[in-house]
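The values are calculated or read from the model by the stated rules, or taken from the named source; none is laboratory data. Here the structure is a predicted model, which means the values were calculated and not measured. With ideal geometry, Cβ positions are generated from the backbone for all residues, glycine too; neighbour counts draw on all protein chains shown. Accessible surface is based on the protein model in full, side chains and every heavy atom, while ligands, DNA and RNA are left aside. Shrake-Rupley method; radii C 1.70, N 1.55, O 1.52, S 1.80 Å.
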Amino acid sequence: MDKDYMRWFLDARFGMFIHWGIYAIPARGEWVRNQESISNEAYQPNFDTFDPIHYNPAIWARAARQAGMKYAVMTTKHHDGFCLFDSQHTDYKATNTPARRDLTREYVDAFRAEGLKVGFYYSVIDWHHPDYPIAGDRFHPMRNHPDYKDHAGNMSRYADYLHAQVKELLTNYGKIDVIWFDFSYDDRSGEAWRATELVKMVRALQPGIIIDNRLGGNIKAAEPEIYAGDFASPEQIIPAEGVTNELGQPIPWEACITLNDHWGYASQDKNWKPAKTVVRTLVECVSKGGNLLLNVGPTAKGEIPDECLDILDEVGGWLHENGASVYGCGNAGLPKPEWGRYTRRGDRLYAHILDRGIGPINLRGLQNKVAYARLLADDSELRLARPWNAAEYPDDAFITFASAELPNDWDTVVELALSD
Ligand code: GLC
């Protein structure tokens, strides 16, 4: 993997996913039209009344930065077809709602101002556009409606629309760091989107942009299609051993994970993951060479739910102390230790101790390989002296904690300076 333009992404490790749109009004997630077979007409009141009076993306951007996130990806159009940007190719856009503004532009400006990299999610699926074929589609809200059973649409004209919108997004908003297409299935895949031509346009408009892998190509192939993308995007799961291609080579990946059980705002869903779980998930990703894109679903008024902000704040507290074990780090190339995980950046090895156990912490095979050990949270020295009872384990190094409890029960990070 020697794509230079991927460097910042591989170092960043932690980003914010933002699913926001008029589906925040029904507040049952962004698939509500599909799940409840909602027609364009029945969905229209959400468009007519969308009025995010508290939308201030500077607040979102600050929350992301303070959480330790380095980039963000926001929905510019989701499957419902609603555009948060001021597209010249549709009326179905934020500027025609009571919001009356280009919500995408404000997002870009605010996140840039906080020093974060900026990404656009764009749904290649469209449940509103008249040319999008409905007959034979597994997901369209009208798939079972008799009036649409022969609706063949016009895929090639729809693809023109898709291309024109992507061109706008990558022309009118300055430098864009990530484009996150979503998603392909059945015959709605690859060249159905005219994906080769699309990706050539994307690369020409935004040299250095990073593209996800959901246009339908096979990123794991020995010779991936031009549209196979730059990173794999496992969803709501962390791959057991990272992601490798058919040749066994590691490839970049980013797990996208919700904080509760929905991407879009869901008012009844209070199944929040604790900050401890988020921290451990982030560390798991990094230890396997991947990123974590953590989702928030703001309300129709334009606010990230308080529960999310609290979790993000706590995660930021841990990263403030332990960020050196995450940013720029990756797979340490060592077997997973019993007590937790390793991450590594050059000659810095980070022991993430999740399970204290009893006695000294065993660093298998590292005897005489560690110059010194420190508690990363405060740079205080940890003793590497061989304990009296370790004589039978001459190849292993040991760290001694005086206390029976770990200093940080989410994840206590020990920085080990490797000496060779
Ligand atoms: C999906 C979904 C979706 C969500 C997403 C995030 O496949 O259709 O609603 O935006 O991927 O990964």
Test: residue in the stretch 329-340 that is of a type outside the set (D, E, K, R) and touching a Pro at 6+ places or on another chain (Cβ under 8 Å): yes
Residue match in the stretch 279-289 (condition: out of contact with any Leu (no Cβ under 9 Å at 6 or more places or on another chain) and within 16 Å of the ligand (Cβ to nearest atom)): no
Check on H145, open to solvent by 20 Å² or more (accessible area, probe 1.4 Å), under 16 Å from Y43 (Cα atoms) and within 16 Å of the ligand (Cβ to nearest atom): no
Number of the exception - H151 against (1) open to solvent by 30 Å² or more (accessible area, probe 1.4 Å); (2) in contact with a Pro (Cβ under 9 Å, 6 or more places away or on another chain); (3) under 23 Å from T104 (Cβ atoms): (3)
Helices (runs of 4 or more DSSP H) contained in the stretch 1-88 and holding at least 2 residues within 16 Å of the ligand (Cβ to nearest atom), open to solvent by 10 Å² or more (accessible area, probe 1.4 Å) and assigned by TED's automatic domain parsing to the domain that holds I251: 32-35
Residue pairs meeting the criteria (Cβ under 7 Å; at least 6 apart or on separate chains; first at pLDDT below 95, in the stretch 330-348; second of a type in the set (G, A, S)): none
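Suppose the filter is under 23 Å from H19 (Cβ atoms), in contact with a Leu (Cβ under 7 Å, 6 or more places away or on another chain) and open to solvent by 10 Å² or more (accessible area, probe 1.4 Å); does S189 pass it?
When the stated conditions are applied, S189 does not pass them.
Can you pull out the residues in the stretch 184-213 that are within 16 Å of the ligand (Cβ to nearest atom), in contact (Cβ under 8 Å) with a residue 60 or more places away in the chain and not in a helix (DSSP H, G or I)?
Selection gives S184, R188, I210.
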Tally of residues being in a strand (DSSP E or B) and buried (at least 20 other Cβ atoms within 10 Å of the Cβ) across the stretch 243-294: 12
Of all residues in the stretch 114-138 being of a type outside the set (D, E, K, R) and more than 28 Å from D102 (Cβ to Cβ), the one that is surrounded by the most Cβ atoms within 10 Å (Cβ to Cβ): I134
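Every residue, every condition in (1) in a loop (DSSP other than H, G, I, E, B); (2) at negative phi; (3) over 26 Å from the mean Cα position of the chain (by Cα); (4) of a type in the set (G, A, S), yes or no:
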position	(1), (2), (3), (4)
D147	no, yes, yes, no
G153	yes, no, yes, yes
Y158	no, yes, yes, no
A164	no, yes, no, yes
Y173	yes, yes, no, no
I176	yes, yes, no, no
W180	no, yes, no, no
Every pair of residues 6+ apart whose Cβ atoms lie under 9 Å, when the first sits in the stretch 224-250 and is acidic (D, E) while the second is surrounded by fewer than 16 Cβ atoms within 10 Å (Cβ to Cβ) and assigned to a loop (DSSP other than H, G, I, E, B): E225/N218; D230/K3; E246/N218; E246/A221; E246/A222
Some residue of the stretch 305-323 being charged (D, E, K, R), more than 26 Å from R374 (Cβ to Cβ) and in a loop (DSSP other than H, G, I, E, B): no
Filter result for the condition that a residue is closer than 22 Å to A332 by Cα and at pLDDT below 95, over I358, I399: I399
The listed residue being within 30 Å of H19 (Cα to Cα) and not assigned by TED's automatic domain parsing to the domain that holds I25, out of N389, N368, N331: N331
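Does the stretch 114-125 contain any residue that is within 15 Å of the ligand (Cβ to nearest atom), part of a loop (DSSP other than H, G, I, E, B) and in the same structural domain as Y265 (by TED's automatic domain parsing)?
yes
Just give me the residues in the stretch 224-239 being within 13 Å of the ligand (Cβ to nearest atom), farther than 16 Å from P250 by Cβ and part of a loop (DSSP other than H, G, I, E, B), in sequence order.
Q236, I237
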Condition met for D313 (within 27 Å of G68 (Cβ to Cβ) and at pLDDT 95 or above): yes
Candidates I226, I179 - the one that is of a type in the set (V, I, T), assigned by TED's automatic domain parsing to the domain that holds F111 and more than 22 Å from D102 (Cα to Cα): I226
Any pair with Cβ under 7 angstrom, 6 or more apart, that starts in the stretch 141-167 at a residue that is without any contact (Cβ under 8 Å) to a residue 40 or more places away in the chain and farther than 18 Å from Y92 by Cα and ends at one that is open to solvent by 10 Å² or more (accessible area, probe 1.4 Å) and assigned to a helix (DSSP H, G or I): M155/A192
Subset of the stretch 97-113 (residues that are open to solvent by 10 Å² or more (accessible area, probe 1.4 Å) and part of a helix (DSSP H, G or I)): R105, E106, D109, A110, R112, A113
Candidate set from the stretch 214-223 (those that are within 16 Å of the ligand (Cβ to nearest atom) and touching a Ser or Thr at 6+ places or on another chain (Cβ under 8 Å)); member that is farthest from L293 (Cα to Cα): G216
